[in-house]
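Below is one structure, written out as structure tokens; the observations come after it.
The values are calculated or read from the model by the stated rules, or taken from the named source; none is laboratory data. Owing to the predicted nature of the structure, the values given are computational and were not obtained by experimental measurement. Cβ sites come from the backbone with ideal geometry, for glycine too, and all protein chains shown count toward neighbours.
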Amino acid sequence: MDLSDQYAKAAEWIGEAQALLVTAGAGMGVDSGLPDFRGDAGFWKAYPLYQRLGISFVDAANPDHFERDPSFGWGFYGHRTNLYRETVPHRGFSILLEWSRRFGMEYFVATSNVDGQFQKAGYREDAVLEFHGSIHHLQCTRPCSNRIWENREAFGIDLETMRSGHVPLCPHCGATARPNILMFGDWGWIEERTRRQQDRFRAFLDRNSGKRIVVVEMGAGTAIPTVRAASERVGSLSHAHVVRINPREPEIRPPHISLPCNALEALSAIDDCLAKPAQG
């Protein structure tokens with residue numbers, strides 16, 4: 001499929017934009033080697049033991065484990081903590097930051113990912129909204145208070161049983177600690193950190209009201225449509241355009257652009273278009 005016209009149009013929007021909103025779902029991490037947990041098959045490919053146990057992603061990402069069997073709960077989240085700490089963000093993260101600098105655009109990131117890859121790639125902490133929280137922050141399971149603290153724990157995971165040899169505890173009351181992540185069927189998530197991020201996101205939109213905003217959305221599916229809804233909400237504003245990058249679910253109504261490919265492929269191609277005038 002020839003996407004050259006779409007790449008060129010996206011490059012035109014980015015070159016003329018006054019603000020950049022980056023929105024991202026799990027597909028953003030695929031080019032860094034991270035699993036996207038798409039459906040049970042995708043989840044079980046990453047975690048075959050759970051397939052043998054008949055446990056889906058929804059089952060594994062359940063706060064009840066931290067109450068009933070915290071070693072098992074931290075087997076999943078401890079493994080993911082280690083994985084995200086070891087992962088190097090792909091070049092697409094840097095391309096987006098460079099666009100912001102090159103064209104003098106204020107940027108903001110809104111993501112459903114809990115992996116902290118944007119911060120690791122050099123994005124400012126105060127310019128990131130993590131809709132579902134972060135694995136790099138902890139809270140009490142009870143919770144005994146609204147306190148949220150940085151995850152500095154070390155996890156040794158038995159891959160045969162998917163259990164963690166270490167279970168973090170709340171430093172304030174001694175109860176089991178859990179990731180500050182919104183899980184499935186979760187009534188105990190402390191949203192204070194994310195709420196402050198949402199306040200900063202609204203301030204970003206207020207500051208750029210009426211300006212030319214380009215939204216670059218990557219790897220956000222329809223199963224949990226939080227990210228896509230945010231992209232389309234901003235895209236409905238005057239002078240706003242959305243570039244949706246998704247290899248499986250790229251559909252978006254004109255005049256916005258859909259690119260049926262992975263994030264790094266599309267970002268690299270758009271960046272090539274932006275470089276052409278300088279080469280001429």
Requested in this report: Output the residues belonging to segment 154-176 that are under 14 Å from His137 (Cβ atoms) and free of Cβ contacts under 8 Å to residues at least 60 places away in the same chain.
Outcome: Cys170, Pro171
**Report entry** Subset of segment 209-250 (residues that are under 23 Å from Ala269 (Cβ atoms), within 22 Å of the chain's Cα centre (by Cα) and either modelled with pLDDT under 95 or in a loop (DSSP other than H, G, I, E, B) (or both))
**Finding:** Gly219, Ala220, Gly221, Asn246, Pro247, Arg248, Glu249, Pro250
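The rows are residues; the columns are (1) under 23 Å from Asp31 (Cα atoms); (2) of a type outside the set (Val, Ile, Thr); (3) touching a Cys at 6+ places or on another chain (Cβ under 7 Å).
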site: Gly219; (1), (2), (3): yes, yes, no
site: Arg233; (1), (2), (3): no, yes, no
site: Ile245; (1), (2), (3): yes, no, yes
site: Ala263; (1), (2), (3): yes, yes, no
site: Leu267; (1), (2), (3): yes, yes, no
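Listed here are the residues, each with its yes/no results for (1) within 23 Å of the chain's Cα centre (by Cα); (2) farther than 30 Å from Lys211 by Cβ.
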{"residue": "Asp2", "(1), (2)": "no, yes"}
{"residue": "Gln6", "(1), (2)": "no, no"}
{"residue": "Ala10", "(1), (2)": "yes, no"}
{"residue": "Ala26", "(1), (2)": "yes, no"}
Report task. Exactly one condition in (1) in contact (Cβ under 8 Å) with a residue 60 or more places away in the chain; (2) in contact with a helix residue (DSSP H, G or I) (Cβ under 6 Å, 6 or more places away or on another chain); (3) under 18 Å from Gly27 (Cα atoms) is not met by His241; state its number. Result -> (3)
**Report entry** Some residue of segment 261-268 being touching a residue at least 40 places away in the same chain (Cβ under 8 Å), more than 30 Å from Arg147 (Cα to Cα), assigned to a strand (DSSP E or B) and more than 15 Å from the chain's Cα centre (by Cα)
**Finding:** no
Report task. Determine whether Arg253 is farther than 16 Å from Trp74 by Cα, outside any loop (DSSP other than H, G, I, E, B) and basic (Lys, Arg). Result -> no
**Report entry** Residue in segment 176-199 that is touching a Lys or Arg at 6+ places or on another chain (Cβ under 7 Å) and surrounded by fewer than 16 Cβ atoms within 10 Å (Cβ to Cβ) present
**Finding:** no
Query raised in the report: If you go through segment 130-144 one residue at a time, do you hit one that is among the acidic types (Asp, Glu) and either surrounded by fewer than 20 Cβ atoms within 10 Å (Cβ to Cβ) or more than 22 Å from the chain's Cα centre (by Cα) (or both)?
Result: no
Query - Residues of segment 180-204 satisfying the condition of being among the hydrophobic types (A, V, I, L, M, F, W, C), touching a helix residue (DSSP H, G or I) at 6+ places or on another chain (Cβ under 9 Å) and not in a loop (DSSP other than H, G, I, E, B) - result: Ile181, Phe201, Phe204
Report summary line: Among residues of segment 62-97 being among the small types (Gly, Ala, Ser) and either more than 22 Å from Gly133 (Cα to Cα) or buried (at least 23 other Cβ atoms within 10 Å of the Cβ) (or both), the residue nearest to the chain's Cα centre (by Cα) is Gly92
Query raised in the report: For the subset of segment 234-248 comprising residues that are touching a Ser or Thr at 6+ places or on another chain (Cβ under 9 Å) and surrounded by 18 or more Cβ atoms within 10 Å (Cβ to Cβ), which member is farthest from Glu217 (Cα to Cα)?
Result: Val234
Query raised in the report: Conditions: (1) out of contact with any strand residue (DSSP E or B) (no Cβ under 6 Å at 6 or more places or on another chain); (2) in contact (Cβ under 8 Å) with a residue 60 or more places away in the chain. Asp40 meets all but one. Number of the miss?
Result: (2)
Requested in this report: Could you check, for segment 174-189, whether at least one of its residues is of a type outside the set (Gly, Ala, Ser) and more than 22 Å from the chain's Cα centre (by Cα)?
Outcome: yes
Report task. Any residue in segment 200-212 that's under 12 Å from Glu106 (Cα atoms) and in contact (Cβ under 8 Å) with a residue 12 or more places away in the chain: show its pairings with residues that are among the acidic types (Asp, Glu) and outside any helix (DSSP H, G or I) at Cβ separation under 8 Å, as long as the two are six or more apart or on different chains. Result -> Phe204/Glu106; Arg207/Glu106; Asn208/Glu106
